Amino acid sequence: MNPLFLTRFTATCCLGAGLQPLGAALAGTRSGLAPCRFEDVALDTWIGAVAGIEEQPLPQAWRPFECRNNRLAYLGLGQDGFTAAVAACISRVGAHRVGLFIGTSTSGILQTELAYRRRDPSSGALPADFHYAGTHNTFSAAAFIRQLLGIQGPAAVVSTACSSSAKAFGAAQRMIELGIIDAAVVGGVDSLCLTTLYGFHSLQLTARQPCRPFAAERDGISIGEAAAFVLLEKSAPRAGGSAIALLGVGESNDGYHLSAPHPEGLGARLAMESALGAAGLGAAEVGYVNLHGTGTASNDSAECAAVTRVFGTAMPCSSTKGATGHTLGAAGALEAVICALALRDQLLPGGANTDQVDPALRLNYITSSQAGSFTHAVSNSFGFGGTNCSLAFGRLS
Amino acid sequence: MSAAATNELLAYVTGIGVRGPGLADWPQTEAVLSDRQPYQRADTLLSAPDTLPPTERRRTGRVVRLAFAIGLEAARQSDTDPARLPVVFASSGGDGDNCHEICQTLASANRALSPTRFHNSVHNAPAGYWSIAAHTQVPSTTVCAYDASFAAGLLEALTQIAVHGATTALIAYDLDYPPPLRAARTVPAAFGMALVLHASPQPRALAQLRVCLDSGAADGIGHAELEALRAAIPAAQGLVLLEAIAKRQTRSVNIAYLEPQTLRVEVIPCA
């Protein structure tokens with residue numbers, strides 16, 4: 001595929017709003033996880049919550065979209081001059097030549113979960129202030145962002161669990177490659193809700209401590225939330241210096257189990273190989289792999305098998321979920337932004353919370369952030385349903 | 001790539017699957033759409049997919065049964081092995097039955113969820129079951145665009161075909177929500193349709209589709225009762241394509257997409 005430039009990118013997660021706090025926390029190998037105090041959830045687990053969302057309702061004009069997920073999207077879009085960059089892009093190429101591809105797993109389902117507590121005692125009806133289309137529906141974040149940014153080109157939500165916003169890059173890339181659009185806003189927005197907290201708990205996959213991906217004593221995930229966005233364009237930014245580009249997208253399925261990975265990481269390996277193939281890259285040209293690395297016993301061992309098959313045991317790699325939590329449908333976009341930051345700042349991000357790597361997982365896992373010198377990075381995102389997506393990024397001069 | 005300078009996307013249809021209220025399969029739907037058979041309203045009939053292992057089969061709800069029924073019908077008609085078939089799944093609402101049960105549990109005193117309910121809650125659950133049944137690693141995706149989900153799915157499938165060249169299926173489906181969500185999202189019945197699409201002409205092709213972005217009002221179909229379904233169920237927007245194929249008519253139709261855009265599809269029946 002032809003390179004596509006990340007002419008602007010931003011991310012908001014439990015480490016803070018925008019690139020500055022994210023970059024600082026990554027450089028310091030710091031975690032943003034905290035004990036779960038979300039709503040009235042009584043679970044012994046840690047989460048990555050974005051501070052202040054409860055106190056920041058959407059402006060009056062956007063009330064039909066009022067829910068935690070869209071509040072998070074709104075907060076995220078307001079960082080790092082992202083909205084202005086999209087407006088400038090629209091004025092260059094036209095609103096109908098800009099697409100929008102958003103990944104989410106649970107959208108605004110929290111709104112429905114809370115509405116079910118307020119059903120009419122006699123009729124069972126939901127409260128009159130419940131707005132399905134702007135909150136619950138899987139498309140709601142894209143509908144909101146499309147209106148907010150004035151985008152009029154093709155749009156879709158990709159909802160494939162934890163690979164959602166990685167796969168959104170594939171949908172955007174194909175449309176740009178075919179000339180249907182000139183640019184796309186690609187992103188992921190997923191927010192805390194009861195379905196995922198109690199759901200992962202039912203599978204005994206929520207960690208009791210901050211998650212420790214790739215550690216021997218790892219005991220599950222810490223659920224997080226994030227809004228991460230990239231403006232993807234065919235041409236490089238006009239300013240000189242280096243630019244970050246998407247070079248390859250690789251997608252696959254496990255075809256194995258709905259909620260457990262293929263034990264040898266078969267589908268994961270195919271996704272990485274496919275991304276490298278699309279980018280025309282050899283494995284040795286990659287200098288960092290941002291692992292899916294959720295922190296469950298089976299996910300990490302399957303991914304280790306796949307990564308070492310593709311890249312060998314010396315490839316520097318880490319999971320940043322110890323810092324951000326597992327942001328589910330937003331993880332692909334968040335970790336794409338982390339790869340872009342790593343390439344820009346020449347930083348190998350260490351995996352926060354993981355002091356000792358599981359000796360059974362024989363790979364070069366970075367536990368403490370350090371300066372690096374590399375031109376290409378790969379990001380992995382895998383999800384329920386056995387869905388896999390790998391993205392290859394490069395720093396082009 | 002097969003997109004012309006006008007950004008026209010091409011595909012050849014070799015297989016169609018349909019399930020809906022009073023619509024048992026594609027041959028029956030074809031007969032109704034071409035006025036060779038009267039339409040009789042009935043509940044959408046869905047059986048457990050025979051291609052899934054028994055443990056997985058027991059865990060499936062209506063949404064997986066619907067997606068499998070239409071997908072397998074289309075694949076079998078086109079004589080395409082599901083193991084070699086990338087699929088674009090498109091649904092506005094996903095599994096409303098399962099969602100209702102989860103919300104009910106989470107609003108109760110005991111919030112413990114069933115693990116199966118939880119893993120079935122992902123929008124891509126049908127895609128996951130499909131790849132397990134087909135023992136395949138070929139990619140699939142699952143998209144949503146609210147009322148425009150059919151057009152978004154068709155566009156995604158056509159761009160995949162144009163870029164990757166592989167024969168690809170579109171499986172579009174929607175369920176009616178149970179109360180109380182039904183009052184907020186009034187999809188009246190379960191409906192799904194699937195198409196197997198190729199990049200190049202095929203001896204057994206039923207029709208060629210030429211698709212581009214346009215604007216204007218969406219077109220309806222002539223059959224009054226099926227037009228009511230088309231207007232009310234996102235996945236049924238594709239009936240406008242099926243009517244042209246059933247009547248063997250070359251036709252240019254507009255499918256509702258995201259305002260201000262529509263998808264203009266030229267349907268050219270083959271043979």
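Read-outs: derived from the displayed coordinates by stated rules, not from any lab. All figures in this text were calculated on a predicted structure; none of them were measured in a lab. So basically every Cβ, Gly included, is an ideal-geometry build from the backbone, and we count neighbours across all protein chains shown.
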Quiz prompt | the protein assembly as shown - Debye-derived log10 I(q)/I(0), Cα point model, q = 0.09, 0.11 Å⁻¹ | solution = -0.67, -1.03
Exercise. Return one number: the angle in degrees, 0 to 90 and rounded to the nearest 10, between the long axis of the Cα atoms of helix B:149-164 and the longest principal axis of the Cα atoms of chain B.
Key: 60 degrees
Quiz item: Is chain A rounded, prolate or oblate when judged by the Cα gyration tensor, a ≥ b ≥ c being the square roots of its eigenvalues, rounded requiring a/c under 1.5 and prolate requiring a/b larger than b/c?
Solution: oblate
Quiz prompt | Nearest-ten-degree value, helix B:96-106 long axis tilted from longest Cα axis of chain B | solution = 30 degrees
Quiz prompt | Cα→Cβ-extended label distance, 7 Å offset, between B:Arg182 and B:Cys270, nm | solution = 4.2 nm
Quiz item: Where Lys and Arg each count +1 and Asp and Glu each count -1, what net charge lies around A:Asn380 among other residues with Cβ under 10 Å from its Cβ?
Solution: -2
Exercise. Alpha carbons only, please: Rg and Dmax for the stretch B:9-269, in angstrom.
Key: 17.6, 60
Quiz item: How far, in degrees from 0 to 90, does helix B:125-134 lean away from the longest principal axis of the Cα atoms of chain B, to the nearest 10?
Solution: 70 degrees
Practice problem: Specify the inter-centroid distance of the stretch A:293-308 and the stretch A:169-223, based on alpha-carbon positions, in whole Å. | Solution: 15 Å
Quiz item: Among rounded, prolate and oblate, which fits the stretch A:255-297 when a ≥ b ≥ c are the square roots of the eigenvalues of its C-alpha gyration tensor, a/c under 1.5 means rounded, and a/b larger than b/c means prolate?
Solution: oblate
Quiz item: So which lysines pass the test for A:Lys321, namely a Cα distance under 26 Å, with those fewer than 8 places away in the same chain ruled out?
Solution: A:Lys167
Quiz item: How many angstrom lie between the C-alpha centres of the stretch A:61-135 and the stretch B:232-256?
Solution: 31 Å
Quiz item: By its C-alpha gyration tensor, with a ≥ b ≥ c as the square roots of the eigenvalues, how is the stretch B:87-205 shaped: rounded for a/c under 1.5, else prolate for a/b larger than b/c, else oblate?
Solution: prolate
Quiz prompt | Between the stretch B:171-223 and the stretch A:322-360, the alpha-carbon center distance in angstrom | solution = 40 Å
Quiz item: Under unit Cβ charges (Lys, Arg +1; Asp, Glu -1), what dipole magnitude, rounded to 20 debye, does the stretch B:9-269 have relative to its Cα centre?
Solution: 360 debye
Exercise. Provide the net charge surrounding B:Thr29, with neighbours chosen by a C-beta distance below 10 Å and charges set as Lys +1, Arg +1, Asp -1, Glu -1.
Key: -2
Quiz item: If we count every other residue with Cβ under 11 angstrom of A:Ala331's Cβ, Lys/Arg +1 and Asp/Glu -1, where does the sum land?
Solution: -2
Quiz item: Which ³J(HN,Hα) values, rounded to whole Hz and listed in residue order, are derived for the stretch A:261-271 from phi using the Karplus coefficients 6.51, -1.76 and 1.60 in 6.51 cos²θ - 1.76 cosθ + 1.60 with θ = phi - 60°, glycine and proline given as x?
Solution: x, 4, x, 9, x, 4, x, 4, 4, 4, 5
Exercise. Using 0.36 nm per residue of separation minus the Cα-Cα distance, give me the extension gain between A:Ala125 and A:Ala34 in nm, one decimal.
Key: 29.2 nm
Quiz item: Using the Karplus equation 6.51 cos²θ - 1.76 cosθ + 1.60 (θ = phi - 60°), what ³J(HN,Hα) coupling, rounded to whole Hz, does each residue of the stretch B:204-210 give in order, writing x for Gly and Pro?
Solution: 9, 5, 8, 6, 9, 10, 10
Quiz item: Quick one: Debye curve from the C-alpha atoms of the stretch B:158-271, no solvent, what's log10 I(q)/I(0) at q = 0.14 Å⁻¹?
Solution: -0.64
Quiz item: Can you give the helix-only mean residue ellipticity at 222 nm for chain B, where every DSSP H stretch with n ≥ 4 adds -39500 (n - 2.57) and the sum goes over all residues, rounded to the nearest 500 deg cm²/dmol?
Solution: -10000 deg cm²/dmol
Quiz item: For the charge dipole of chain B, defined by +1 on Lys and Arg C-beta atoms and -1 on Asp and Glu C-beta atoms about the Cα centroid, which residue among B:Asn7, B:Ser200, B:Leu170 has the Cα displaced farthest towards the positive pole?
Solution: B:Leu170
Quiz item: What residue among A:Ala27, A:Ala11, A:Ala61 has the largest mean-square fluctuation in a Gaussian network model of chain A, using Cα springs under 10 Å?
Solution: A:Ala61
Quiz prompt | Among B:Val88, B:Val163, B:Val32, residue whose mean-square fluctuation peaks in a GNM of chain B (springs only between Cα atoms under 10 Å) | solution = B:Val163
Exercise. Go ahead and set up a Gaussian network model of chain B, Cα springs under 10 Å, then flag whichever of B:Gln237, B:Gln104, B:Gln261 fluctuates most.
Key: B:Gln104
